[in-house]
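One structure is given below, encoded as structure tokens.
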């Protein structure tokens with residue numbers, strides 16, 4: 001297995017489009033690392049540059065203490081699973097799994113033995129004579145994973161490998177993939193635009209925007225303490241409340257109401273300065289009765305999330321959202337109050353988190 005290190009990695013396409021802008025990143029040996037961001041942020045370009053499928057314009061890629069920046073993809077000792085799995089339609093499962101070993105000049109008997117061993121481990125032993133067109137999406141994905149495993153590479157690179165699966169299979173596949181990575185202990189870089197996948201699977205993650213890394217951290221760190229308003233707005237199944245605020249003594253004026261200064265920003269604010277107050281709907285309590293530090297308004301939308309509801313309050317023309325347990329949801333038009341948890345609220349100055 002091997003650690004991965006990027007040193008000032010830059011990728012500029014013809015026409016001056018800078019897809020990666022001097023990125024520095026260290027992924028320890030055996031870590032499951034996710035790259036997350038909106039379309040066009042550079043995450044797939046980063047993965048392809050790691051694999052050698054794109055040539056870096058500047059900087060270096062180090063895998064297992066070996067600088068592989070100028071080395072061809074086949075000599076980097078990494079294995080990649082593509083979004084469409086890239087299986088050969090004219091080959092059966094055995095030959096698809098064994099193909100990388102064939103390229104490495106491994107003998108036929110050994111190739112087939114290894115393919116059978118890996119295929120059985122992934123529950124493909126009854127499908128080895130079938131071709132990709134005879135397999136379901138989930139089975140095709142397992143063939144692609146088996147092919148990667150057969151290479152015994154130092155690192156696995158996954159480019160949105162779950163995006164072609166339906167919702168139920170995606171849940172099953174991400175659990176299976178995380179368990180498999182833990183068992184193998186292989187350094188893994190996983191590209192996705194799905195926050196739920198990244199939060200559920202990654203040991204650590206990087207949030208990317210326009211060729212830059214905006215934050216690196218564990219899923220809990222990124223969710224609970226976004227480093228800037230971009231990450232705060234991007235991460236989470238329900239968007240964070242990001243509200244204009246002004247400092248008024250030991251309180252903040254938000255949407256015409258007063259809320260206490262968050263614990264994380266105590267003693268760090270200046271009277272009268274303009275800030276952005278952030279709190280997740282999950283950390284905001286809804287009530288029909290006012291409470292100290294709550295924001296009062298009228299319920300405009302109630303969205304069913306299954307076991308809970310997302311309630312939107314219009315507070316002096318500002319939308320504030322709170323997650324309410326099933327059965328406690330109000331009706332549209334009700335008067336209500338949203339009380340943010342002071343220990344979970346955050347403050348941003350010029351887009352960056354204010355914190356000791």
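The values are calculated or read from the model by the stated rules, or taken from the named source; none is laboratory data. All of these numbers come straight from a predicted model, not from anything done at the bench. No Cβ is skipped: glycine too gets one built from the backbone with ideal geometry, and neighbour counts run over all protein chains shown.
From the residues in the range 73-95 that are without any contact (Cβ under 8 Å) to a residue 40 or more places away in the chain and over 28 Å from the mean Cα position of the chain (by Cα), which one is surrounded by the most Cβ atoms within 10 Å (Cβ to Cβ)?
Taking the range 73-95 and keeping what is without any contact (Cβ under 8 Å) to a residue 40 or more places away in the chain, we get 73-76, 92, 94-95.
From what is left, the residues that are over 28 Å from the mean Cα position of the chain (by Cα) are 75, 92, 94-95.
On the way: 75: 10, 92: 18, 94: 21, 95: 17.
That would be 94.
Checking the structure you have, find out if any residue of the range 154-163 is farther than 30 Å from residue 98 by Cα and not in a loop (DSSP other than H, G, I, E, B). The answer is no, given that none of the residues of the range 154-163 is farther than 30 Å from residue 98 by Cα and not in a loop (DSSP other than H, G, I, E, B). With respect to the conditions (1) under 30 Å from residue 16 (Cβ atoms); (2) surrounded by fewer than 17 Cβ atoms within 10 Å (Cβ to Cβ); (3) modelled with pLDDT of 90 or more, residue 45 falls short on a single one, namely (2).
How many of the residues in the range 236-290 are over 22 Å from residue 309 (Cβ atoms) and in a loop (DSSP other than H, G, I, E, B)? Quick ask: steps written out before the conclusion?
Here is the first cut: in the range 236-290, the residues over 22 Å from residue 309 (Cβ atoms) are 244-254, 256-277.
Among the residues that remain, those that are also in a loop (DSSP other than H, G, I, E, B) are: 249-250, 256, 261-262, 266-273.
Number of matching residues: 13.
Within the range 225-246, the set of residues being surrounded by 16 or more Cβ atoms within 10 Å (Cβ to Cβ) and free of Cβ contacts under 8 Å to residues at least 40 places away in the same chain comprises 231 only.
Against the conditions (1) more than 12 Å from residue 93 (Cβ to Cβ); (2) touching a residue at least 24 places away in the same chain (Cβ under 8 Å); (3) in a helix (DSSP H, G or I), where does residue 133 fall short? Just the number, please. Looking at each condition in turn, residue 133 falls short on (1). Reported count of residues in the range 324-338, each being surrounded by fewer than 19 Cβ atoms within 10 Å (Cβ to Cβ) and not in a loop (DSSP other than H, G, I, E, B), is 2. Run residue 301 past the list (1) part of a strand (DSSP E or B); (2) touching a residue at least 60 places away in the same chain (Cβ under 8 Å); (3) surrounded by fewer than 17 Cβ atoms within 10 Å (Cβ to Cβ); (4) more than 27 Å from the chain's Cα centre (by Cα) and report the number of the one that doesn't hold. Exception for residue 301: condition (2). For the range 340-356, the tally of residues that are crowded, with 20+ Cβ neighbours inside 10 Å and either modelled with pLDDT under 95 or over 12 Å from residue 265 (Cβ atoms) (or both) stands at 1.
Filtering the range 113-130 down to residues that are part of a loop (DSSP other than H, G, I, E, B) and touching a residue at least 24 places away in the same chain (Cβ under 8 Å), which residue is nearest to the chain's Cα centre (by Cα)? Among them, the one singled out is 122.
Which of the residues spanning the range 121-138 are over 23 Å from residue 106 (Cβ atoms), surrounded by fewer than 17 Cβ atoms within 10 Å (Cβ to Cβ) and modelled with pLDDT of 85 or more? Let's see the steps before the verdict.
Of the range 121-138, the ones over 23 Å from residue 106 (Cβ atoms) are 123, 126, 133-138.
Then keep just the ones that are surrounded by fewer than 17 Cβ atoms within 10 Å (Cβ to Cβ); that gives 123, 126, 133-134, 136-137.
Those that are over 23 Å from residue 106 (Cβ atoms), surrounded by fewer than 17 Cβ atoms within 10 Å (Cβ to Cβ) and modelled with pLDDT of 85 or more: 126, 133, 134, 136.
Table: residues versus (1) modelled with pLDDT of 90 or more; (2) more than 30 Å from residue 6 (Cβ to Cβ); (3) out of contact with any strand residue (DSSP E or B) (no Cβ under 6 Å at 6 or more places or on another chain).
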position: 69; (1), (2), (3): yes, no, no
position: 95; (1), (2), (3): yes, yes, yes
position: 114; (1), (2), (3): no, yes, yes
position: 117; (1), (2), (3): no, yes, yes
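For residues that are over 22 Å from residue 114 (Cβ atoms) and either at pLDDT 90 or above or not in a loop (DSSP other than H, G, I, E, B) (or both), tally how many sit in the range 71-88.
Residues in the range 71-88 being over 22 Å from residue 114 (Cβ atoms) and either at pLDDT 90 or above or not in a loop (DSSP other than H, G, I, E, B) (or both): 2 in total.
Only one entry in 157, 165 is closer than 30 Å to residue 40 by Cα, in the same structural domain as residue 38 (by TED's automatic domain parsing), surrounded by fewer than 19 Cβ atoms within 10 Å (Cβ to Cβ) and in contact with a helix residue (DSSP H, G or I) (Cβ under 8 Å, 6 or more places away or on another chain), namely 165.
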